[in-house]
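Each remark here refers to the structure printed beneath this line.
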Amino acid sequence: MAKRRGNGEGSIYRLPDGRWRGQITVGYDPATGKRKRKSFYGQTRKEVAEKIAQTQTEIKNGTFVEPTKTTLGEWLDKWLTSYKKGQLKQGTYEGYESIINVHIKPALGEMPMAKLQANTIQDFYNSKLESGLANKTVKHMHVVIRQALQQAVKEGLLNRNVADATSPPTIKSKQMRPLTEEELLTFFEEAKEDRLYAAFLLAATTGLRRGELLGLCWDCVDLDGGVITVKRQLLSLRKKIVLEESVKSKAGKRSVVLTDDAIRELKTHRKRQAQEKLLMGEAYQDNGLVFCQPDGTFLRPEEFTKRFQRYLKKAGLPKVRLHDLRHTHASLLLARGVHPKVVQERLGHSSITMTLDLYSHMVPGLQEAAARSLDGLLNKEKGPAKTQGHSQKR
């Protein structure tokens, strides 16, 4: 074994297998007062010396982080319960929990967090994409990993967030397919005898999201004034369905003016619901919901979607998502010349930019109309200019 040398580099010596090893003191245990030593390995003495020098610089600058033996799985569990449980809505929390337990921990959970590298995480993303998972699902995994590691950096467990050096997949927008006016009327004709016909009509004429529609209560419906207030949503969680006293965003809490058709059908729907209450008697569970099961209990969101698609099929229409009724509402309004700001407010978008980005391309003729509005611009400019010139000469 080679003689140990210090000279400011710490203790560096050669091992029997030919590699080099170095050790330096990186701190002291506050409980015992004993020195904390860190080892470095390399194929050459220079390599070890450089690693030691880098660490000593970090110690001097206050950026050195003592290696943690905590695994990524252990940290994810702690991060989820200690930092996210009080922040996230129940549905979002369950989504995070599922991503961690089903995907991240089986692949990366046993790895010490301090040894995690960007290329390891990138390989994980790539393998998930190759297995057939959607870009959006894998992107959510990245969000969870990145947020958890960022908290570890804040706590001094890591000196940098290696997830920042990865390239997560971009989320591809789902292809929207709004119904044309003719298709929408065909659908209504097929569904008009259904007890939830008013729900389908309201979805297409207000642009409410599914959760907002199924979470609508009669205390938020003013049929005399022709307005509904959106302030609740129905959430389908892993173990139950809940009515949440808040909507997707601050902009989501809004008032929406109803069409005459919607007011008429809601009145008819309310009468039918009153009859159902009488028939059910004490068995009726009155949750104040506008749209519910005949016994007053929550409608399962996925069952409502299947109901919608059954009528599409009966009507011979293309299979579209229930959410496309929201897109149908927006596209019909814009095609009729309704200002995008009004459309934004009805949909509950956070900004008019979002509305324009989503829907402007769906309205035919907007580009042509914009160009035609500027036709003759130069001729109009020349007219006043000549008049002004003549008046100046006089």
From SER350, SER360, SER331, residue being in a helix (DSSP H, G or I), among the small types (Gly, Ala, Ser) and open to solvent by 40 Å² or more (accessible area, probe 1.4 Å):
SER360
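From the residues in segment 112-128 that are buried (at least 16 other Cβ atoms within 10 Å of the Cβ) and of a type outside the set (Lys, Arg), which one is modelled with the lowest pLDDT?
Filtering segment 112-128 for residues buried (at least 16 other Cβ atoms within 10 Å of the Cβ) gives 113-114, 116, 121-122, 124-125, 128.
Of the ones still in play, those that are also of a type outside the set (Lys, Arg) are 113-114, 116, 121-122, 124-125.
Working: MET113: 88, ALA114: 85, LEU116: 91, ILE121: 95, GLN122: 95, PHE124: 94, TYR125: 95.
Ranking the qualifying residues of segment 112-128, first place goes to ALA114.
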Filter segment 293-315 down to residues that are in a loop (DSSP other than H, G, I, E, B) and touching a residue at least 40 places away in the same chain (Cβ under 8 Å) and give me whichever is most open to solvent (accessible area, probe 1.4 Å).
ARG300
From the residues in segment 85-111 that are in a helix (DSSP H, G or I) and among the hydrophobic types (A, V, I, L, M, F, W, C), which one is surrounded by the most Cβ atoms within 10 Å (Cβ to Cβ)?
ILE100
Among the residues of segment 16-52, write down those that are of a type in the set (Val, Ile, Thr), under 19 Å from LYS115 (Cα atoms) and either at pLDDT 85 or above or in contact with a Pro (Cβ under 8 Å, 6 or more places away or on another chain) (or both).
VAL48, ILE52
Can you tell me which of GLY365, GLY389, GLY337 is over 33 Å from the mean Cα position of the chain (by Cα) and either loosely packed, with under 15 Cβ neighbours inside 10 Å or at pLDDT below 90 (or both)?
GLY389
Residues to consider are ALA274, ALA262, ALA283; find the one that is without any contact (Cβ under 8 Å) to a residue 12 or more places away in the chain and among the aliphatic types (A, V, I, L, M).
ALA274
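Based on what the data block shows, is SER167 over 30 Å from LEU129 (Cβ atoms) and either at pLDDT below 90 or outside any helix (DSSP H, G or I) (or both)?
Answer is no for this residue.
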Limited to segment 203-260, what total is found for residues that are assigned to a loop (DSSP other than H, G, I, E, B) and of a type outside the set (A, V, I, L, M, F, W, C)?
19
Can THR297 be described as closer than 22 Å to TYR359 by Cβ and among the polar types (S, T, N, Q)?
no
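The values are calculated or read from the model by the stated rules, or taken from the named source; none is laboratory data. Bear in mind that the values here come from a model prediction, so they are computed numbers and not experimental data. No Cβ is skipped: glycine too gets one built from the backbone with ideal geometry, and neighbour counts run over all protein chains shown. Ligands, DNA and RNA are stripped out before the accessible areas are found, and what is left, the full protein with its side chains, is counted by its heavy atoms. Shrake-Rupley method; radii C 1.70, N 1.55, O 1.52, S 1.80 Å.
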